[in-house]
Every structure is written in structure tokens, then in C-alpha cells.
1. Please find, among ASP388, ASP424, the residue that is out of contact with any His (no Cβ under 8 Å at 6 or more places or on another chain), charged (D, E, K, R), closer than 26 Å to ALA72 by Cβ and surrounded by fewer than 23 Cβ atoms within 10 Å (Cβ to Cβ).
2. From the set of residues in region 118-141 that are buried (at least 22 other Cβ atoms within 10 Å of the Cβ) and within 11 Å of the ligand (Cβ to nearest atom), which is nearest to VAL246 (Cα to Cα)?
3. Determine the pairs where a residue that is more than 16 Å from the ligand (Cβ to nearest atom), located within region 13-29, has a partner that is open to solvent by less than 40 Å² (accessible area, probe 1.4 Å) and in a loop (DSSP other than H, G, I, E, B) with Cβ atoms under 8 Å apart, the partner being 6 or more residues away or on another chain.
4. State whether the residues of region 292-307 include one that is modelled with pLDDT of 95 or more and under 30 Å from LYS393 (Cβ atoms).
5. What pairs come out if I take residues in region 122-142 that are assigned to a loop (DSSP other than H, G, I, E, B) and pair them with residues that are within 16 Å of the ligand (Cβ to nearest atom) whose C-beta lies under 9 Å away, six or more apart or interchain?
6. Quick test of your reading of the structure: LEU346 fulfils all but one of (1) crowded, with 22+ Cβ neighbours inside 10 Å; (2) among the aliphatic types (A, V, I, L, M); (3) more than 20 Å from TRP412 (Cα to Cα). Name the failing condition by number.
7. Here's a check for you: in region 211-252, which residue that is assigned to a strand (DSSP E or B) and not hydrophobic (A, V, I, L, M, F, W, C) is farthest from GLY120 (Cα to Cα)?
8. Just checking, how many residues over region 392-404 are among the basic types (Lys, Arg) and buried (at least 23 other Cβ atoms within 10 Å of the Cβ)?
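The values are calculated or read from the model by the stated rules, or taken from the named source; none is laboratory data. Everything numeric in this text was worked out from a predicted model, so none of it was measured. For neighbour counting, all protein chains shown are included, and Cβ atoms are generated from backbone atoms with ideal geometry for every residue, glycine included. For the accessible areas, the whole protein counts, side chains as well, though only heavy atoms, and no ligand, DNA or RNA atoms are used. Shrake-Rupley method; radii C 1.70, N 1.55, O 1.52, S 1.80 Å.
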Amino acid sequence: MTDATQKYLRSADYNTESSAVIAGSVNSNVRLGGASIPLCFERAEGPHLYDIDGNTFIDYALGMGPTILGHAPKVVSDAVAQSLSMGQMFAGQHRAELELGKLLVEHIPSAERVRIGMTGSEVVQAALRVSRAHTGRKKFIKFEGQYHGWFDNVLISHSPHPAEPGEKLPVPREAHLETRGQSRSVLDDVIVLPWNDLDAVRHTLEEHGDNIAALITEPVMCNTGAILPRKGYLEGLRELTREHGVVLIFDEVITGFRLGLGGAQGRYGITPDLSTFAKAMANGFPIAALAGRRDLMDMFGTGAVNHSGTYNSNVPSVVASIATIRALAADNGAALARAEDMGKALMAGLAEIGGASGLQVSGVGTCFNTYFGESGSVIDYQSYRKTDQARQKEFLVALLANGIRPTARGTWFVSTAHDQTTIDSTLDAARKAL
Ligand SMILES: Cc1ncc(COP(=O)(O)O)c(C=O)c1O
């Protein structure tokens, strides 16, 4: 047994006991693999996680992105606690959901109307459905390496086999199903393209535009490498989709309320037709939103297009979202700006101490990725997969052993609770890990 596994004995015991009742001892497949054994946690506070073995971690996984204010912020916990006595759901409306709706319309540039849902996966489905209804077309474009939830029609080419050395992949790519049991029929509706390649989009729209309802993209490719859009790329997507009557969907489930109060669309000044939000909008309480153009969104309003859900707009989640957005918006967004500065300092520190070892740092302050490869070589999924994945994994295991927990994919989320002390401790630990 290695020193590292000795540190997680109680988690290992927990997994053994749990796997007799919970399939694989986890409740989301994302938690199965990763840089270490699945850990069992006791509690979390601010930027810290505490596991049942007594280990403390500085957390950069942040629940896979949601806890933008850090764990258990009083402002959110108190608001939710106070709301509990008013009831949780009414199968009808309540005032807090209107308040949240107004906040979303105020902060999200493309939001003329909104609908509130429960998860990112669900509101992505609503976006695709209304795009089909609006255009009368069937197919949609998605990009290799991007993730839009776990449902059959979008769980495609998130992590396909990378090209062999010298192999030239076709454009569009061959669409790749990600799980056994997935219906093959979904392949008829999707076109998979490499990201950051405007020509690929242009040619595809010229050839198949008449049958394409929507183009869905993460505006920053947070699910693979935290890769930034090339200069002019998002603008190009906006122009091309408009030209061909295709609905442009920004999937801001990660970037929303993290890259800025107006998400990536606010940051880059590009207005999509529809956009999806979840994660950071309620600091860990389950909620999501679809926002967009009035004429599209009103198709839900008239009942022409179905969007439903028993738990949509449940009181605790709505109240948590209002408290989170208000905290982020206070003092002209000061907390988020500070988190971004902390993140930038961490990115710069990691680049400095890891530069000689080939460590690359890509992304923005509040969401970035670390990998080992050639500087400037990563622009899309295939180039990311050419980086040294084995070394990346070793680095992540070593970070964990030194009390630092990014996600198992090497993504680092920074919250408003990470301060200079946590950044300094993180850099010390990263030095040891390297
Ligand atoms: C960009 C993006 N879209 C959609 C989803 C799905 O969201 P959820 O896990 O809430 O269903 C995720 C989840 O990580 C995501 O990163």
C-alpha cells in the first residue's frame, strides 16, 4: 500500500460498504474515476473540503463548478433556512421566482425571457427542442470535446479516441457515442465539428444549413482544457448562424455567473439566441435556466413547445439563486472580480513554477486547466489529447496527496472564498507535487 492510499483508508472502507447499496458507490459516473479513489467527505466550508480520514483539501473542484462563493456561504445558507418554513413547492407560482427572473434578465445580455429548470442537461434539451420547433429543421451542430449533459442526443464525442499520429480526421467528424445503451438513432440528428475552426462551420452550414436547427457551443471550452475561443471565433459563429437561420446556443452551464455576471456572452460581447445556465447561479443548490430571444422563448409561453418539471422553481433553489446572484452583483461585482484576480495570480504562479517542467495553464482566472504540452499548441480537443495525459494524471494525484483538489480532468475552479493565503499554500503544494 502506498503512502497516498494510506491517507484514504476510511474512504476506501466507505466505498466498499457503499458499493453494496449504491452502484459503484457513486451517484454520478463523473465521480467514478479520476485522479484517486472516490473520496468520501464529512463537510466543506469556504475554500476547504474535509474528508472522513481527517484530510483537509483546498478545493478547486467546487462541486464541479457551482460553489462560486465557496462552500456553505452564510448569505446563501441563511436565505434558504429562512425560506424553509414557507413551503418548498406549490405546483403554482411564487414571488421569489419572479424576482429571480428579473435578476436573470437584468444580468444576462441575451435574456429577453427565461425559463427555470433543475439541471443543465434538462435546459439544454429545452433549447434544442425549441430550436427545432422554431426552424422546422432537424439537426444540430455540436463540437468535439464539449459536454452538454448526459442525455442520449448530446452525449456524443465528448471524449472520443484521439487521432493516431499522422492520421487526418474527417470534417465533420464521425460522431462518437459515449456509453453503452445509447440509442444509435441520435446520430442522425447531430453533426460533430472540431472547435475553434470557423471554416469547418462555414462549409457545414453551406452544405447542410437548410437542415440545421441549432449550433450549440460552450463559449469557452471548459470541459476540455479550458480552451479559449480564438480571436473572432465567437463573432464568426454569430454571423454564420444568423446568415443561415440557425439558432445559436451558448451553453453557459459552467461559464455563467463565473466568467462574469453576464457569463461568457457578457465578457466577449456576443449575444446568442439562447443560452443555458446552471452551476454557479445558485452556489450548489439544484437549479438551471434557459434564457433567450422573446420569439423563441414565447413558444414555451404559448404552450406550443413543452418544457416541464415537477421541481422547476422549487423555493429553496430559487432563494439560493437570488442570494448567490445578489452576492455576486454587490459593489459592482467586486467579489467576482477579486476571485478572478486570485485565479489569475494562481495561474501565473503555476506557470512560473511549472514552466520548466512543461506545465501549461489555459483559461480564465475563475476556470482554468493545467496540462503538460507545448506552449500555444492546444486549440481544440485533438490538440489537447496530444498533451501528456499520463503526466497530467500523476500531477493531479500528487496535488491531492499535498492537499490540493482540482477536478480529475485538471480543471481548476476558483471561488470568491479563495484568498491570498489559500493561493500561497496552493503554490507551495504545487511546487512539492511537481
Ligand atoms: C457545459 C455543460 N453543459 C451541460 C452540463 C450538464 O449539466 P448538469 O450536470 O447540471 O445536468 C454540464 C455539466 O457539467 C456542462 O458542463
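1. One residue alone meets the criteria, ASP424.
2. ALA127
3. Every condition considered, the pairs that remain are TYR14/CYS40; TYR14/ILE52; ASN15/PRO38; ASN15/CYS40; SER18/CYS40; SER25/PRO38.
4. no
5. ARG137/SER131; ARG137/ALA214
6. So the condition that LEU346 fails would be (3).
7. That would be THR217.
8. Of the residues in that region, 0 qualify.
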